[in-house]
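Okay, structure first, notes after.
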Amino acid sequence: MERTLMQRAGGQQLSSADRFGCAAAAGAVSALVASPTELIIIQQQKKSTRLLQEVKHFAASYPAHSAYRGLWPCVGRETLYAAGYLGLCPILYDKLKDSQHFKDSPASAMAIAGVVGGVFAASASHPFDTIKTRMQAAMYSKPEYLTWTSTAATIYKEGGVLNFWRGLLPRMTRIIAATFILINVRSTVVGYLEAQREPQQQLTAEQLLPELSQ
């Protein structure tokens, strides 16, 4: 997505807002895969069933569209989650490592970007994850969890606004670690690809020199 936008922009670098938006859009699309797979995982954990056994039981017990139960909360979660670890984290890292304070300490820049991106991704997406999990765990057995709005209302009645962030700390710890690993892998891969691309560009320029001299 970022490459397509860069091509349309004439090869110019994308702004931070463009990169953040691309990450958020990618997250939203990923919910189409994440939502049904996580539903099966939740049902497996609830019933202690094997994968194939649960898939067969689910297909026999519910209509096909039920596979996407909890989709919209999942879209909200994945949008903010991806915006944090694929958007905010690398954007912040690029800005920090080029700044005067972190020019000689890229590891510190990477650590700060990983923590900030992870905290944002976890905190912003957690309420949507709470709603989605309740809906998928209950399926259609409890009327208070039939829709995402009724589920949100039930969660609020049980414990107020903070109830949406129950269980945040363990999830945040996991996401911060995952974000830190991601930015390290991303930095390594981008560096490798750029190193591979430079010799090809130089070779192309050398091939053009004879033509230009004629």
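The values are calculated or read from the model by the stated rules, or taken from the named source; none is laboratory data. Computed from a predicted structure; not experimentally measured. Ideal geometry is used to build each Cβ from the backbone, glycine not excepted, and the neighbour counts take in all protein chains shown. Surface accessibility is based on the protein's heavy atoms, side chains included, excluding ligands, DNA and RNA. Shrake-Rupley method; radii C 1.70, N 1.55, O 1.52, S 1.80 Å.
Yes or no: the stretch 166-176 includes at least one residue that is under 26 Å from ARG69 (Cβ atoms), assigned to a helix (DSSP H, G or I), open to solvent by 80 Å² or more (accessible area, probe 1.4 Å) and out of contact with any helix residue (DSSP H, G or I) (no Cβ under 9 Å at 6 or more places or on another chain). Scanning the stretch 166-176, I find at least one residue that is under 26 Å from ARG69 (Cβ atoms), assigned to a helix (DSSP H, G or I), open to solvent by 80 Å² or more (accessible area, probe 1.4 Å) and out of contact with any helix residue (DSSP H, G or I) (no Cβ under 9 Å at 6 or more places or on another chain), so the answer is yes.
For ALA113, state whether it is within 20 Å of the chain's Cα centre (by Cα) and open to solvent by less than 10 Å² (accessible area, probe 1.4 Å). Steps first, answer last, please.
On the way: within 20 Å of the chain's Cα centre (by Cα): yes; open to solvent by less than 10 Å² (accessible area, probe 1.4 Å): yes.
So ALA113 fits the description; yes.
Whenever a residue of the stretch 40-68 is closer than 13 Å to ALA138 by Cα, its partners that are surrounded by fewer than 16 Cβ atoms within 10 Å (Cβ to Cβ) and of a type outside the set (Val, Ile, Thr), lying with C-beta atoms within less than 7 angstrom and at least six residues away or across chains, give the pairs GLN44/LEU51.
Residues are listed down the side, and each one gets a yes or a no for (1) assigned to a helix (DSSP H, G or I); (2) more than 18 Å from ILE42 (Cα to Cα); (3) touching a residue at least 60 places away in the same chain (Cβ under 8 Å):
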position: PHE102; (1), (2), (3): no, yes, no
position: ALA107; (1), (2), (3): yes, yes, no
position: VAL115; (1), (2), (3): yes, yes, yes
position: THR154; (1), (2), (3): yes, yes, no
position: VAL185; (1), (2), (3): yes, yes, no
position: VAL189; (1), (2), (3): yes, yes, no
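Each residue in the stretch 117-146 was checked for being without any contact (Cβ under 8 Å) to a residue 40 or more places away in the chain, open to solvent by 30 Å² or more (accessible area, probe 1.4 Å) and closer than 15 Å to SER35 by Cα, and 1 of them qualify.
Summed over the stretch 17-65, the residues that are surrounded by fewer than 16 Cβ atoms within 10 Å (Cβ to Cβ) and either more than 30 Å from LEU92 (Cα to Cα) or at pLDDT 95 or above (or both) give a count of 24. In the condition set (1) over 15 Å from the mean Cα position of the chain (by Cα); (2) hydroxyl-bearing (Ser, Thr, Tyr); (3) buried (at least 21 other Cβ atoms within 10 Å of the Cβ), THR79 is compliant with all but (1).
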